[in-house]
Amino acid sequence: MKADLVDDTVLWQRFRTGDTIAFDQLVQRYYQTLFRYGIRLDADDEYVKDCIQDVFVELWQRRNTVNETEFVKFYLLKSLRRRIFRGRAKWGSNWEALEENYFFEVEFSIEAQLITQEVSRDQVQQLEALLNKLSRRQKEVIFLKFYQNLTHEQIAEVMSLNRQSVYNILHEALQKLRTTWQGDMAFFLALLDVVTAHS
């Protein structure tokens with residue numbers, strides 16, 4: 001098991017016993033991750049921040065009843081996604097319609113270290129443009145798979161899909177990218193891996 005997962009597991013166990021320091025560490029560790037995901041689901045950054053706060057407040061209130069987990073990030077991403085869509089539904093929007101028509105955009109922060117790894121700005125911009133031509137669900141699956149390193153099963157849980165649907169969405173997205181990418185596909189996948197690791 002990776003060290004960060006062990007750390008998460010220990011923090012989670014301590015948080016469940018009422019340890020406020022462990023809870024604060026979880027908030028600090030995952031706030032930006034949740035914000036980066038949430039802002040792709042809903043462009044209203046204040047609403048996303050409110051939803052993140054609600055997730056953590058509810059988590060603290062339910063600390064005695066939440067289950068143990070080795071995958072804290074997965075648990076939090078799933079909770080935030082549900083909170084964002086259900087919150088909008090309470091304001092009169094149709095929850096199912098929101099799930100079909102939500103905003104999702106992929107942006108890469110191009111850092112100097114990427115250029116030193118023989119990845120040009122043009123290549124990163126080409127990748128970003130191609131990814132943003134995918135459907136919302138395809139972009140979200142790619143984001144969760146490559147940015148957040150979730151398994152197919154975890155992605156299915158987060159997005160309320162079955163595992164086969166996740167596999168199909170990812171397969172279709174990669175097929176679409178394969179037909180439009182100008183260059184070697186192995187390089188494309190390596191580029192995607194490098195860029196998402198630094199975003």
| message | Considering only residues that are among the aliphatic types (A, V, I, L, M) and under 15 Å from the mean Cα position of the chain (by Cα), which ones fall in segment 19-42? | response | Leu34, Ile39, Leu41
| task | Could you pull out the residue among Glu157, Glu140, Glu105 that is of a type outside the set (A, V, I, L, M), within 23 Å of Asp44 (Cβ to Cβ) and at pLDDT 90 or above? | result | Glu140
| Taking segment 43-67, which residues are in a loop (DSSP other than H, G, I, E, B) and farther than 19 Å from Gln32 by Cβ? | Arg62, Arg63, Asn64, Thr65, Val66, Asn67
| task | Go through the residues of segment 3-12 one by one and say whether even a single one is touching a residue at least 40 places away in the same chain (Cβ under 8 Å) and within 18 Å of the chain's Cα centre (by Cα). | result | yes
| field | Selection within segment 166-199 - surrounded by fewer than 13 Cβ atoms within 10 Å (Cβ to Cβ) and at pLDDT 85 or above | value | His171, Gln175
| request: Please find, among Thr20, Thr69, Thr65, the residue that is within 18 Å of Gln148 (Cβ to Cβ) and surrounded by fewer than 18 Cβ atoms within 10 Å (Cβ to Cβ). | output: Thr69
| request: Search segment 28-62 for residues being aromatic (Phe, Trp, Tyr) and closer than 17 Å to Gln13 by Cα, and hand back the single one that is surrounded by the fewest Cβ atoms within 10 Å (Cβ to Cβ). | output: Trp60
| note | Residues of segment 10-42 being among the acidic types (Asp, Glu) and in a helix (DSSP H, G or I), in sequence order, are Asp24
| Count of residues meeting criterion [among the aliphatic types (A, V, I, L, M) and farther than 18 Å from Trp181 by Cα] in segment 117-159 | 7
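The values are calculated or read from the model by the stated rules, or taken from the named source; none is laboratory data. None of the values given here were measured: they were computed from a predicted structure. Glycine also receives a Cβ, built like all others from the backbone with ideal geometry; neighbour counts cover every protein chain displayed.
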